[in-house]
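What follows draws every value from the coordinates through simple rules; no lab data is involved. Computed from a prediction, not measured in an experiment: that's the story for all the values here. When we count neighbours, we look across all protein chains shown, and the Cβ atoms used for this are built from the backbone with ideal geometry, even at glycine.
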Amino acid sequence: DVVIMCMGISPRLEGEELELNVNGFSGGDRTSLDLPETQQNLIKKIARLGKPIVLVLLNGSALSINWESENIPAIVETWYGGQAAGDALADVLFGDYNPSGKLPVTFYKSVHQLPDFRNYDMKGRTYRYFDGDVLYPFGYGLSYTTFKYSNIRLDKEKINSNGSAKLYVDIENTGRMSGAEVVQLYVKGKGLKENEAIKTLKGFEKIFLKPGEIRTVAFEITPEMLSKYVEGKGFIVEKGNHTLTVGSSSKNADLLDINLLVE
């Protein structure tokens, strides 16, 4: 037996100017990132039965599912589906479709990892400015197969501020099922300025690989990708080493780094 539990929130809980004030939700705003308490209790009660559980999430924003992440063997993020969502979910659950989606937001462990809502400074917000340990990072997503990244390289080691270079990386399907992978390119910050982004997504490419297949993915590194806004100067490309990084998510452990020198 397998238990499929569809849990989450709804537009009746998260939205604009709602007349609602319950634990975790206030006027359409979320005061917690957790699942509603009644759902948490139900999940734990069903888990005590010892049956395999697939937790299906329906939500429009990130959830802090710490206990569920540690204790539920399979979690499927579906967001708010359309009229064919049921068929799509069935295809995934029965293995007729191999999922390949990636998270467009960060799943934090707790609302306490976020700055005060009234603080409009970007420090500590999103994958670009938050350097703590999160539940699921931006760009994260699993598949029924596995992929290996290797052999990151550049066609040239240095360029001038108006030049460009090609970055290459090899991706191998190391599993037993055909599947798609979203290869993500980030540029890391130099750490020289207080408000500088830690890393920024600059490109991505989705590829389909059969078991054992290896493909080389190429990105063109342009001056625009390396530029930063400097007050009074506009967008400029700073001289020195720029760290380019490629992988399956924004998490450092999932990324391969290489440096490109701008002279």
Item to check | Rg to Rh quotient for the chain, alpha carbon positions, Kirkwood Rh | outcome: 1.01
Checklist entry - Tell me which lysines have Cα within less than 22 Å of LYS123's Cα, excluding those fewer than 8 residues away on the same chain? => result LYS109, LYS188, LYS190, LYS193, LYS199, LYS202, LYS228, LYS251
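Any number yet on Rg/Rh for region 1-50, C-alpha, Kirkwood?
On the way: Rg = 13.4 Å, Rh = 12.2 Å.
My calculation of the ratio gives 1.10.
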Item to check | Nearby lysines by direct alpha-carbon distance to LYS210 (threshold 23 angstrom, same-chain neighbours under 8 apart not counted) | outcome: LYS102, LYS148
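So if I place +1 on the C-beta of Lys and Arg and -1 on the C-beta of Asp and Glu, and nothing else carries charge, what would the dipole magnitude of the chain be about its Cα centre? I want it in debye, nearest 20. Don't skip to the end; give the middle numbers.
Values: 30 positive and 34 negative charges, 125 e Å.
For this selection, approximately 600 debye.
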Item to check | Choice from GLY175, GLY189, GLY163 with maximal GNM fluctuation in the chain (Cα, 10 Å cutoff) | outcome: GLY163
Checklist entry - So in region 1-66, what percent of DSSP beta bridges are antiparallel if you round to the nearest 5? => result 40 percent
Checklist outcome for this item: Largest fluctuation, LEU57, LEU226, LEU42 only, Gaussian network model of the chain with Cα springs under 10 angstrom, belongs to LEU42
Checklist entry - Roughly how many Å is it from the Cα centre of region 79-113 to that of region 230-252, as a whole number? => result 30 Å
Checklist entry - Pick from GLU224, GLU19, GLU196: which residue has the top mean-square fluctuation in a GNM of the chain where Cα pairs under 10 Å get a spring? => result GLU19
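Of all trypsin sites (Lys or Arg not before Pro) in region 52-145, which ones are in loop regions per DSSP and have a Cβ with at most 13 other Cβ atoms within 10 Å? Walk me through the intermediate numbers first.
Details: sites: LYS102, LYS109, ARG118, LYS123, ARG125, ARG128; in loops: LYS102, LYS109, ARG118, LYS123, ARG125.
Here the trypsin sites (Lys or Arg not before Pro) that fit, given the DSSP loop and packing criteria, are ARG118, LYS123.
At 222 nm, what value in deg cm²/dmol follows for the chain if DSSP H runs of at least 4 each add -39500 (n - 2.57) and the sum is divided by all its residues, to the nearest 500? Don't skip to the end; give the middle numbers.
Values: 5 runs with 34 residues, N = 263.
Rounded to the nearest 500, the figure is -3000 deg cm²/dmol.
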Checklist entry - Relative contact order for the chain: what is it in percent, counting Cα pairs under 8 Å that are at least 6 residues apart? => result 14 percent
